[in-house]
Amino acid sequence: MFTKEMFHFLLKVITSWQVIFITIALIIYFSLVSYVARLYHPRRSGFSFDSKPRKDKSSAPELPESSDDDDLGIE
């Protein structure tokens, strides 16, 4: 598929200083962005003891039980 000339040309393009410089600059940029993102949004583990305890449904305020006499007291 590739001729020897095409392979040689592609090798020269990949090893040019501009391509190498841009590749290194992108690696540094993404590393810096990942580092800053980890600083501002720390990873939370599922077994952290610092988090608030979850409320159970059983701790919800109970409603008064209705009596057999559901009258509102209105005559």
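The values are calculated or read from the model by the stated rules, or taken from the named source; none is laboratory data. Everything numeric here is computed off the predicted structure, so don't read it as measured data. Backbone-built Cβ (ideal geometry, glycine too); neighbour counts: all protein chains shown.
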Inset, instruction - Could you give me the residue pairs with C-beta distances under 9 Å whose first residue belongs to the stretch 3-31 and is surrounded by 10 or more Cβ atoms within 10 Å (Cβ to Cβ), whose second residue is not in a helix (DSSP H, G or I) wherever it lies, and which are 6+ apart or on separate chains? - result: 10/2
Inset, instruction - Tally the residues that are modelled with pLDDT of 65 or more and either of a type in the set (A, V, I, L, M, F, W, C) or more than 11 Å from the chain's Cα centre (by Cα) (or both), restricting the search to the stretch 30-51. - result: 10
